[in-house]
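Comments concern the structure below.
The values are calculated or read from the model by the stated rules, or taken from the named source; none is laboratory data. Computed from a predicted model, the values in this text were never measured in an experiment. Glycine also receives a Cβ, built like all others from the backbone with ideal geometry; neighbour counts cover every protein chain displayed. Remember, those area values only see protein heavy atoms, side chains included, never the ligands or the DNA or RNA. Shrake-Rupley method; radii C 1.70, N 1.55, O 1.52, S 1.80 Å.
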Amino acid sequence: SSGINAEYGHATDQILKAMKQYAFFYIVNIPGFDAHGEVKAMESFFTLPQAVKDTCASVKHNPNNTNILRGYGHTKSSGGVPIEEVFNIGQYESRTIDESEVSCRAEFISREPNTWPTKENFPQSQEFRSVLENGFKIRMFLARKITEMIAQGLNYPGFVNMFTEAEFTSFYLKKYKARESKDNSHIYRSDSGYSMKAEDGRDLSIPSHIDTTITLLTTYTNGGLQALYKNEWYDVPSVMGSMMMMSGSLIKDLSDGELPALRHRVIDIKTDRYSTPFFFNPSFHAHINRSNSGRETEVGKEFLKFGPWQVTQLHRDEPLLLHSTSLHCNNLAKLATTN
């Protein structure tokens, strides 16, 4: 056991060193990880007729459904054709809580069960689900191990407990199509603050941004990802069978700046591009107002807990989460019957 502990300690040191210097690192040789199977599963689903995909779309895209957070969604081009498609998977297959047991509508939504395609319209549905459930479990395991290493490396014992429930954790399947500049203008308004052009004039499919917490990103064989390092943009090579861990703004805040956040973007590669970001998030009621040293965090100036802050971060993708009373304790039952 001493040898195992020494190896674990060495891995912790290496991970913390990479996070402190680069804010990201690769994870390779992952037991049970079927990268090729995930690509095949995504291709089989995203090439289905639009009407079939819409059967498991969120209510934002299909008013006949009730799911808000999980399931299928898309962003359309200026011509009205889906140019970005997503499928959101969480950890719950059923809701084991009653509405009266949670603090607000937003917390109830955070525990929403998954919405899967059925074999009636999608013959490969069982294989699709099996491969991606496996992918979710592997990523959840890795993310929890990383939080343990961060806690150990920073002498931050309370860090692990912040992720006990991790309700908002999401595994996104994403397909990006080639686009023209007018498509980006249609997606991002002029006042959004996003630039969708690289310095050399190339279009971006994802603008420069920083994630919030712990991201495990898989790009398979797809290029386009760039990371900012010392004020210069660098291409981040895709390595089939690997995942990239990227640190977000809240991790920087909670670690007193010891673990910087990675600014990154994606160049439009002018062909279909698949990727799967996995966002590992703290529990809804995790306190985020104090850092490891005990100082008030930047987030803590406005928010005590993670859940309400996360709701504000989802304002663009999940507007139904931002109903004016979604964080009000006494309106849950009423809101549950109106969406």
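List of remarks:
- Heavy-atom SASA rank of Glu101, Glu148 (probe 1.4 Å, accessible area, largest first): Glu101, Glu148
- Percent breakdown of C-alpha pair distances by 10 Å bin, ordered from the shortest bin, for region 216-281: 20, 47, 29, 5, 0
- Accessible surface of the chain [probe 1.4 Å, protein heavy atoms]: carbon and sulfur percent: 50
- Think of a 1.4 Å ball rolled over the protein heavy atoms: region 11-157 then has 46 Å² of accessible area per residue.
- Taking all Cα pairs closer than 8 Å and separated by 6 or more residues, the relative contact order of region 147-233 comes to 14 percent.
- Among the trypsin sites (Lys or Arg not before Pro) in region 241-271, those located in a DSSP loop and surrounded by at most 14 other Cβ atoms within 10 Å of their own Cβ are Lys270.
- Across the cross-link table entries Lys76/Lys137; Lys40/Lys177; Lys76/Lys182; Lys17/Lys174, which are compared at the Cα atoms, the separations over 23 Å belong to Lys76/Lys137; Lys17/Lys174.
- Couplings 3J(HN,Hα) for region 231-243, derived from phi with the Karplus relation 6.51 cos²θ - 1.76 cosθ + 1.60 (θ = phi - 60°), are 6, 10, 8, 10, 5, 9, x, 7, 10, 4, x, 10, 10 Hz, where x marks Gly and Pro.
- The orientation-averaged projected area of the convex hull spanned by the Cα atoms of the chain comes to 18.2 nm².
- Cα-Cα pairs of region 1-128 separated by more than 23 Å (percent): 55
- Of every Cα-Cα pair in region 113-202, the percent that sits beyond 15 Å: 76
- Distant-in-sequence amide H partners of Ser77 (H built 1.01 Å from N, under 5 Å): Ile83
- Amide H contacts of Tyr229 (H built 1.01 Å from N, in plane; Pro and chain starts excluded): Tyr234 sit under 5 Å, all sequence-distant by 5 or more or on other chains.
- Reachable lysines from Lys305, criterion Cα separation under 19 angstrom, eight or more residues apart if same chain: Lys252
- Averaging 1/r over each pair of different alpha-carbon atoms in region 52-190 and inverting the result gives 17.4 Å, the Kirkwood hydrodynamic radius.
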